[in-house]
Amino acid sequence: MGYHSQIMARAYFGGGLLVVALWFYRRNFSLKIFKNPDVIFFGLFILFELVRALWGYYHIWTSGKAGENFRLYQRYTLAPIYWWAFYFAFFLLSYVFFKKRSRVIHLLSGMSWCGLILSLNAIPPLLGRHAWGFITEGGRTSFFYPPVYFHDWIARYVLGTVTHPNYMGDVLAFGMFAATGLSVYALMMGFDPKMKSLPRRSEEEPLPGLARFFLYLTFALVSASAIFLFFSRGTIVSLAISFAVFIALLLIKYRSVLLLVFVLFFSAAGIGFLFWAGNLQDAWKEVQTLESEMQSLKGNPLQVEYGNNSIFSNREGARRALKIYKDYKVWGAGTHGYSEIARKYATSEAWKRYKIADFQAMNHYLHLLAEEGSGAYLYFLTLAAYLQQILTGLFKTRSRFIFVTVLSLFGPVFLVLSHASIIPIMQGFAVSVPVYILMGASLGILSSDFDHRSVEKESQV
């Protein structure tokens, strides 16, 4: 599928999602959505894209060189509106959809099962051949078991075959955090004496217990093992930071000695399990190679072995992005415009050998700054407002259900946004869409009616 076809496909699909989102919004009508800072800043960012598109359309077509500037026309007019409206549709739809406890539970359980299934597909080739997939009869590599691809269109349009450790590790983390949250919630409720005598209510919320706790704990450990077996340094470091934030927020919110003991015990058991199943020692050795790459920054880029140059590529991409931003401060180089002009901004002939810097700045935020210009600050305000609302909401809510579910959704979002500072993972459709969905869902949960339930009332549901 060509570039233009992909844009038009997203346009139609994104427009359909906006219609669905507005339909759900009408059924769940509330003026609160207009007061949410994230919706405001994200909406202003879309408005910036629209204004820039009108400016680009006027500037290009009045110059009388529309044919010569078609790529520029795409960067400023066609691509931005469809691209960002596509993401905003997912964000808005998830914000208005997850207003019932059952939907939230289904979301987390679905993410957990997806993480387990993907992990069970990834682990066998990783353990057997240290490969990122299975070898098919035709000699191609596929992520899923070969019998799954019973027809060529399954590989081409439905599941796909290509995988990468940086991206796949982050995708598996979505399921790992969801399973961890469900196990923590089962643990908290399972030891609540008020919950033990209550009957099950499957329509709203199944009564958690120790069996459910161990089930989802197993899911989380299997997903974590697969993540470490990919040996992606960026994913491992980002996962460690985000999981530490997850545990810290949990223990700060609920200062329970029993919870602390359980967290410490199962964390130690989990680390021991990962040493065996996730090859944690080799994963740590892979992370330590960052130190040697940091030291190589002092040398000549031509003397560095090509292929072992991620930090060199990151620094070169960042420098190019900042140079582009200085020349296009107001409107930016246009969405997807970085790759078309980045080579002209190479800092020297030596740095041109790092081809990846021709296509990506490697830093999601500097990449956006180069492409969106002043509009990027509206995007940054969206992320800042999201972080502020999540942290404030987590400590304000008295509902354990709200706290654990929002924390479980915030964990993978924080991981991906952290990892995006060193790889262009948010430029990929398959990762960025789930991030915007979880951002909208977590904010929607915080603003929902069951946010006002106290711990005592929650135990009586």
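The gain in end-to-end length when the K355 to A268 segment is fully stretched comes to 27.1 nm, 0.36 nm per residue minus the alpha carbon separation. With the simple spin-label model, which puts each label point 7 Å out from Cα in the Cβ direction, the Y145 to S102 separation comes to 3.2 nm. A straight chain from A240 to E340 at 0.36 nm per residue would run longer than the Cα-Cα distance by 32.5 nm. For region 375-395, the residues whose amide N sits under 20 Å from a probe point set 7 Å from the Cα of W55 along the beta carbon direction are 375-382.
Once the Cβ-Cβ distance of K253 and L210 is raised to the sixth power relative to R0 = 22 Å, the FRET efficiency obtained is 0.50. If the segment from V261 to H164 were pulled out straight at 0.36 nm per residue, it would be longer than the present Cα-Cα gap by 31.2 nm.
Only the coordinates and a few stated rules stand behind these numbers; no lab work does. Just so it is clear, the structure is predicted and the values come from calculations on it, not from any experiment. Glycine gets a Cβ as well: all are built from the backbone with ideal geometry, and neighbour counts include every protein chain shown.
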